[in-house]
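The values are calculated or read from the model by the stated rules, or taken from the named source; none is laboratory data. Predicted model only: the values in this text are computed from it and were never measured. Every residue, glycine as well, gets a Cβ built from its backbone with ideal geometry; the counts of neighbours run over all protein chains shown. Accessible surface areas use protein heavy atoms only, side chains included; no ligands, DNA or RNA. Shrake-Rupley method; radii C 1.70, N 1.55, O 1.52, S 1.80 Å.
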Amino acid sequence: MTQSSTTHDSKPSAAKYGTAETIQAPVYSHAERKARNATRRSRLGMVLYLVLLLLPIYWLLNMSFKTNTEILSGLSFFPENFTLENYAKIFGDPTWYMGYINSTLYVVMNMVISLLVALPAAYAFSRYRFVGDKHMFFWLLSNRMAPPAVFLLPFFQLYSSVGLFDTHIAVALAHCLFNVPLAVWILEGFMSGVPREIDETAYIDGYSFPKFFVRIFIPLIRSGIGVTAFFCFMFSWVELLLARTLTSVEAKPIAAIMTRTVSASGMDWGLLAAAGVLTIIPGMLVIYFVRNHVAKGFALGRV
Amino acid sequence: MQTKVENNKAWFLVLPVFIIVAFSAIIPLMTVVNYSVQDIFDQNTSYFVGAEWFKQVMLDSRLHDALIRQFLFSLTILLIEIPLGIGVALMMPTKGKSASLCLILVAIPLLIPWNVVGTIWQIFGREDIGLFGAFMSTIGVDYNYASDPFDAWATVVLMDVWHWTPLVALLCYSGLRAIPEVYYQAARIDQASRWAVFRYIQLPKLTNVLIIGVLLRFMDSFMIYTEPFVLTGGGPGSSTTFLSQALVQQAIGQFDLGPAAAFSLVYFLIILLVCWVFYTTIMNMQKDK
């Protein structure tokens, strides 16, 4: 079978390139076979990696469908008495499900604010030189690198003094500290990929800046905007330290509710697992929409 | 790369960003600077103490230990995550449905709230209810992350590798996709070995994304807080207490505002310094292109 396919492969190349190619043909197919082996090996490696990657998450999912007695009675890969009781508890109790609503609210607020301010700024950085542009860019970047722990106490006092403590907008603004610089950085990368001639042509055609920006430029970089929105969502969603410090009751994020309720009720493992699973779902939903651009976004639009 | 137009009106476009980041960065930072030079008893009583707190912080052995642990931790995870991430990126399929699926699956750990990451590993590593802990005890390894410092360390490192290798992998994946197919064809004609292809085609093209990757991973691991806090609480003893946690303990736990503020500034300066080195490197590389 292999024999016949190699001769079949080498025939057309011999016809095309003459006799010199026929001598090389067996070497070529040997290399091809090696390449095919390499593909198979890398596919195997990939599957192995994915299994190891997903195993801890599967374990959480598995646990969320078990009762506490089953969890503590022994290990099993599938729940014996499949139960939705843990999820019912979360969806039936406002102190639980409000956590998800609170988190979503401040994450969306943060996403909107970050995008609105970052869009014009990223355009400025990608198109113009101005006094202090490099310093400004570095300063922004340094905020992305600032440890939230440093800002914990001042944030608490700042937002308390202006009466924003325990509101969604306080968390949204606090998360701007790292999300706005990130948004500017990613958008700048995407915008620099758009040729400058487009801007110039539009201005010659009589477009004003705002009209050009909204009608022409934004549609051009919409995948970049999608990816930026995704990243703002992601980093705001996973952050706990600031969100927990700036809220007490009204705007408490789900992540904080998880830590508190669990310690109070003496480790309700099943409930903890169910709550954890529910925090993973929103991220999986949003990544689906940007799946083709997300890799470029992780490179901050700079590939 | 075209030259940019000189136009100072561009500042108006940057102004909103400046205002919002100033509100959430400069004002709080000024507060920290203010605290770091004062001894505060209550809201109305405070004394100017100059560089006193800085001296105290610089000589504090707990902080030295936390700093050493921090560097050790950041180096360890970089040494594991960067090669592993490159490897995973090389194995990822390039075309079709399986490529999209792989991307999404690989990215999942990045989308999990950090305390849930801690929770997942807290459960996973327990001997009674966790698969990993049970596995370790089955193969006869005496493993308990809650009481043995080495096990605690290994678990925190393992957790971080699990959590963040996908970031490096995705970065490298996007870098690899940017290599034109003709390069590979040329290599095939030259009958280059797999290693030569990697060493002379793929790796040079990956330099840019790898620098971003190292930068992001270094910074983020340098301010790690939530995951080890949930997993080990910084223990046993203080064997997994990293800088952020030491700082939070001092600021919130003991409410030592002055020393905590001085600590914050030193911490921030270290990060700023490393960040600046990376930033200049990236910018210079783009200039060379």
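Here's the yes/no breakdown for (1) more than 30 Å from the chain's Cα centre (by Cα); (2) within 13 Å of chain A (Cβ to nearest Cβ); (3) aliphatic (A, V, I, L, M); (4) open to solvent by 20 Å² or more (accessible area, probe 1.4 Å):
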| residue | (1), (2), (3), (4) |
| --- | --- |
| B:Ala154 | no, no, yes, yes |
| B:Val157 | no, no, yes, no |
| B:Leu167 | no, yes, yes, no |
| B:Leu171 | no, yes, yes, no |
| B:Ser174 | no, yes, no, no |
| B:Ala196 | yes, yes, yes, yes |
| B:Ile201 | no, no, yes, yes |
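Against the test of being modelled with pLDDT of 85 or more, within 27 Å of B:Thr31 (Cα to Cα) and surrounded by 15 or more Cβ atoms within 10 Å (Cβ to Cβ), the options B:Phe263, B:Phe242 yield a single qualifying residue, B:Phe242. Within the range B:7-26, residues that are at the interface with chain A (Cβ under 7 Å from one of its Cβ atoms) reach partners that are open to solvent by 70 Å² or more (accessible area, probe 1.4 Å) and of a type in the set (A, V, I, L, M) with beta carbons closer than 6 Å, at six or more positions or on different chains, in the pairs B:Asn8/A:Val131.
Working only within the range A:115-136, note down all residues that are farther than 24 Å from A:Glu197 by Cα and buried (at least 21 other Cβ atoms within 10 Å of the Cβ). If the condition is that a residue be farther than 24 Å from A:Glu197 by Cα and buried (at least 21 other Cβ atoms within 10 Å of the Cβ), then A:Val117 is the only one that fits. Within the range B:235-244, identify whether any single residue is among the aromatic types (Phe, Trp, Tyr) and out of contact with any Lys or Arg (no Cβ under 9 Å at 6 or more places or on another chain), and answer yes or no. No, the conditions are met nowhere in the range B:235-244. Inspect all residues belonging to the range B:119-131 and state whether any of them is small (Gly, Ala, Ser) and facing chain A (nearest Cβ under 10 Å). Yes; the residues of the range B:119-131 include at least one that is small (Gly, Ala, Ser) and facing chain A (nearest Cβ under 10 Å). The condition of being open to solvent by less than 10 Å² (accessible area, probe 1.4 Å) and more than 20 Å from B:Thr165 (Cα to Cα) holds for only one of B:Gly253, B:Gly234, that being B:Gly234.
Residue-by-condition table, conditions (1) more than 9 Å from every other protein chain (Cβ to nearest Cβ); (2) over 18 Å from B:Asp220 (Cβ atoms); (3) open to solvent by 10 Å² or more (accessible area, probe 1.4 Å):
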residue: A:Asn110; (1), (2), (3): yes, yes, no
residue: A:Ile113; (1), (2), (3): no, yes, yes
residue: A:Phe138; (1), (2), (3): no, yes, yes
residue: A:Phe155; (1), (2), (3): no, yes, no
residue: A:Val162; (1), (2), (3): yes, yes, yes
residue: A:Phe165; (1), (2), (3): yes, yes, yes
residue: A:Ala170; (1), (2), (3): yes, yes, no
residue: A:Phe178; (1), (2), (3): yes, no, yes
residue: A:Ser192; (1), (2), (3): no, yes, yes
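Looking only at the range B:27-36, filter to residues that are more than 7 Å from every other protein chain (Cβ to nearest Cβ) and of a type in the set (S, T, N, Q); which one of those is most open to solvent (accessible area, probe 1.4 Å)? If we take residues in the range B:27-36 being more than 7 Å from every other protein chain (Cβ to nearest Cβ) and of a type in the set (S, T, N, Q), then B:Asn34 is most open to solvent (accessible area, probe 1.4 Å).
Summed over the range A:248-267, residues that are modelled with pLDDT of 80 or more, outside any helix (DSSP H, G or I) and open to solvent by 10 Å² or more (accessible area, probe 1.4 Å) total 4. Among residues of the range B:176-220 being basic (Lys, Arg) and out of contact with any Leu (no Cβ under 8 Å at 6 or more places or on another chain), the one that is farthest from B:Ile77 (Cα to Cα) is B:Arg188. Number of residues in the range A:91-133 that are over 28 Å from A:Val214 (Cβ atoms), part of a helix (DSSP H, G or I) and either without any contact (Cβ under 8 Å) to a residue 60 or more places away in the chain or not assigned by TED's automatic domain parsing to the domain that holds A:Ser248 (or both) equals 4.
Taking into account only those residues within the range B:138-158 that are of a type in the set (Gly, Ala, Ser) and in contact with a Pro (Cβ under 8 Å, 6 or more places away or on another chain), which is modelled with the highest pLDDT? Across the range B:138-158, the extreme among qualifying residues is B:Ala152. Going through (1) within 12 Å of chain A (Cβ to nearest Cβ); (2) under 25 Å from A:Trp139 (Cβ atoms); (3) of a type in the set (S, T, N, Q) one by one, B:Thr281 falls short only on (1). Sort through A:Ser64, A:Ser42, A:Ser76 and tell me the only one that's hydroxyl-bearing (Ser, Thr, Tyr) and closer than 30 Å to B:Gly87 by Cβ. That would be A:Ser42, the only listed residue that is hydroxyl-bearing (Ser, Thr, Tyr) and closer than 30 Å to B:Gly87 by Cβ.
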